[in-house]
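Following: one structure in structure tokens, then a few remarks.
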Amino acid sequence: MDSAYNFKEYEQKIYELWEKGNFFSPDSYPDHKDQSFCIMMPPPNANDPLHIGHAMFIAIEDILIRFNRMRGLDTLWLPGTDHAGIETQFVFEKKLAKKGESRFDYDRETLYKMIWDYVQENSEVATGQMKKIGASADWSRFKFMLDPKVVEVVLNTFSKLHEKGLVYRSLKLVNYCTKCGTSYSELEVEHEEKSDTLYTIQYGPLQVATVRPETLFGDVALAVNPSDSRYKDFIGQNVEADFPWGKISLPVISDDYVKTDFGTGVLKITPFHDPNDYDVWQRHLNEVSKPIAVINHLGKTTNVPEQFSNLNVNKAREAVVLALEENGQIVKKEPYLHTVGTCYRCKRVIEPLPLPQFFIKVKPLVEPILEALDSKKLAVHGAGHDKILKHWLQNLRDWNISRQIVWGIRLPIWYNTEETQNIQVVFVNKDKQTINSLLSDAIKQGYSLEEIKSGLQSINVPDTAEYVVSPTQPDENVNWIQETDTFDTWFSSAQWPFSTLLASQEQNDFARFYPTQVMETGYDILPFWVMRMLMIGKFVTGELPFNNVYLHGLVRDQKGQKMSKSKGNVINPLEIIEKYGADALRMALVIRSTAGLDKSVGEGDFKAMRNFSNKIWNAARFITTALDLNIKGQDETNQAFIKKMSEVEAQVTQQLTNFKIGQACETTYEEFWHWYCDVCIEDTKQQKLSSDLLKDGLKRFLVLLHPFVPFVSEAIHQELNQTPNQPLIAKNWPL
Ligand SMILES: [Zn+2]
């Protein structure tokens, strides 16, 4: 053995030894038990470089996987990457913008192919980095969320939800540009300061401040703050206002959203034209009537009194204000500076508009999960996060699964173009012009349905339209058009524990590995991902996808601060590996960590854990090269050693079995350094402990150390035994 451990020399070599020998595949262990142990790797975004949070989950999951594999369980860690819908499309569009292009230059199929190629280029980077950390995942079973077989499973799930009556279509607000005929994700909306007028309107007995009098026809309520004593007698009452176009009667509701010091402290609630008002409406569904849209997708007024109809927003505002002024109902006009969303393409102000979208009824999906929590069939390891999960489940609203983007799985929804009225289409024609019009008008202008479909960017179909659910075009003899919305990213990732196994080339994988044993991930995505995996997994397969949830915390800097680029305290895991080795990175992240709580690390921790790797190496080197092999020792010390060694093994085993991973790591570290090295090696030097026992202890410790520091332990094992076909990774755990 070399005098010092040079991790740079060993890590890559060792990983290749495992990978070439197929030691990550459960199929390489025919003598393992029938009992399986399976973890689905939380799929990182395919085009993201790894950050310290990824290193955390890889370290923890790899520890559990190596431990259970060594215990002789049929062990699978299935890796993959996610398409990460909106985020990825957004990043890609920024790349396009650098070339002076945008998504509007492409039909959806072309755009999809371009993003696909871009993601594939980057996907290798992420997996290469996971390997550097030592991930013993079965790369032969790697899955990408948009692999055709995974997509097939996702579409089947949607059909099943639809068959069971759990899918419905309803209006939901989107950020819409009425000029470009498209909606935008939150990420894409630009914000700018705009000076407008704040109008105070006499609304029956109350005065209401608003910047948008033209949406008055879409009001469903007036709202005040529950603590505002000025209006407490109005709450729950109806107020009546006599406007030039007729009488309006609205309920007064109370909601914390209303600020007592804004305007008069009374707001009008227009759910279909303001996202905050939409949220207020959702909290008061029983108190108010269903709203109507008074601005359409072309930016014109609709469903309003004749004299204001079919005007664009600014004209409508002028007309309404004039009518109110003539009636003496404008109490005050004051300049008002506020931030509005704008279209990054044409700079027009974004109009929040209701768009028909697909929803899943969650109540029937939530109930079995609440039962599993109550009956302890489902355990959440993570400092009280079981209660948080319960709270989320109890308060979950129906799930909007429609996203108006290209990069995702297109909804298997079909509309009959011959029977459906008022389909709005946006498409790129042969001359590369974008056309935004009603389908019937486009056809009248001489476009064929095929041309429209091949250049299609999006469609907007009235919420009353009938539709058919089918993975492929339902019937050759009808002119169908497919919904252009794609699924929410979480809808496909919610199926990850079973879609990956059902899509496997190995016929038996689903039966063999489902349900999985534990879902390990960050607590920050508990409601988005973990909860939805439980709901959908149980619904589709009849079983919980896993019985244990292990939540790790955020990784913070040594002062306990969140890492951020602006603070300059971000730790790049690859730089740490370069400086101190992968084992040091893993140890520093995991040791003394507690499920559900954040973990602070700094340079000092990585250094200390590199010293630990060196300590193991030096101990092994001493024992194999410098030790006098004829020391018999004293009975008492020998017996005590045998007893304690077994106790350490039992303790680490128990801690890992109970998901006390940070503690197991600490036990191994402490006992190896401060008992084995500090006490036992000294005992042998002083002739008290048998050299054979000490040597045996090293072998046994290498096994215990392996899940935590796989590289240095394997490197020593190989130095001592020279058996690449029987590596430490495949050794038996003692208990
Ligand atoms: Zn625009």
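Miscellaneous remarks
- For the set LYS559/LYS607; LYS8/LYS132; LYS94/LYS194, the pairs lying more than 20 angstrom apart at their alpha carbons are LYS94/LYS194.
- Listed by chain and number, the lysines whose C-alpha is less than 20 Å from the C-alpha of LYS444, apart from same-chain residues fewer than 8 away, are LYS430, LYS432, LYS453.
- Residues whose placed amide H lies under 5 Å from that of LYS688, excluding near-sequence neighbours: none
- For region 182-353, relative contact order (Cα pairs under 8 Å, six or more residues apart, normalised by length) works out to 32 percent.
- Cut-off under 5 Å, modelled amide H: who pairs with HIS381 long-range: VAL549, TYR550, LEU551
- Highest-first arrangement of 427-435, 628-636, 3-11, where packing means the average Cβ count within 10 Å: 3-11, 427-435, 628-636
- All other residues whose Cβ lies under 15 angstrom from that of ASP583 are scored, Lys and Arg at +1 and Asp and Glu at -1, for a net of +4.
- Partner aspartates and glutamates for LYS347 [C-alpha distance under 20 Å; skip if fewer than 8 residues away on the same chain]: GLU93, GLU101, ASP105, GLU186, GLU188, GLU190, GLU192, GLU193, ASP196, ASP274
- Region 578-626 versus region 660-693: alpha-carbon centroid distance in Å: 16
- Cβ-based charge dipole, the chain, positive-most Cα from PHE528, GLY382, VAL91: GLY382
- Principal axis dimensions, largest first and in whole angstrom, of the chain by Cα: 110, 65, 50
- Within the chain, helix-based [θ] at 222 nm, where runs of 4 or more DSSP H residues each add -39,500 (n - 2.57), nearest 500: -11500 deg cm²/dmol
- Mean Cβ neighbour count within 10 Å, used as a protection proxy, ranking 437-450, 604-617, 105-118 highest first: 604-617, 105-118, 437-450
- Taking the average, over residues, of other Cβ atoms within 10 Å as the packing measure, peptides 413-425, 511-523 rank 511-523, 413-425 from highest down.
- Given LYS632/LYS699; LYS20/LYS685; LYS259/LYS332, the pairs whose alpha carbons are separated by over 29 Å: LYS20/LYS685
- Derived scalar couplings ³J(HN,Hα) [region 370-383; Karplus, 6.51 cos²θ - 1.76 cosθ + 1.60; whole Hz; x for Gly, Pro]: 4, 4, 5, 5, 5, 8, 6, 5, 10, 10, 10, 8, x, 6
- Charged side chains reduced to their Cβ positions (Lys and Arg at +1, Asp and Glu at -1) give the chain a dipole of some 900 debye around its Cα centre.
- Value of relative contact order over the chain, rounded to a whole percent, pairs C-alpha under 8 Å and six or more apart: 17
- Amide H to amide H distances under 5 Å link SER458 with VAL426, where only residues 5 or more positions off or on other chains count and H is placed in the peptide plane.
- Within region 182-353: Cβ-based charge dipole about Cα centre, in debye rounded to nearest 20 (Lys, Arg +1; Asp, Glu -1): 260
- In the chain, the DSSP beta bridges split such that about 75 percent are antiparallel, to the nearest 5.
- Region 1-156, relative contact order [Cα under 8 Å, separation at least 6], %: 34
- Taking a straight line from the alpha carbon of LYS390, these aspartates and glutamates sit under 19 Å away, with near neighbours fewer than eight places off in the same chain left out: GLU367, GLU371, ASP374, ASP398, GLU520, ASP524, GLU543.
- One chain, two ends: SER140 and TYR344. Fully extended at 0.36 nm per residue, the span grows by 69.2 nm beyond their Cα-Cα distance.
No value in this document is a laboratory result; all are computed from the given coordinates. Since the model is a prediction, treat every value here as computed from it, not as a measurement. Virtual Cβ from ideal backbone geometry, glycine too; neighbours counted across all protein chains shown.
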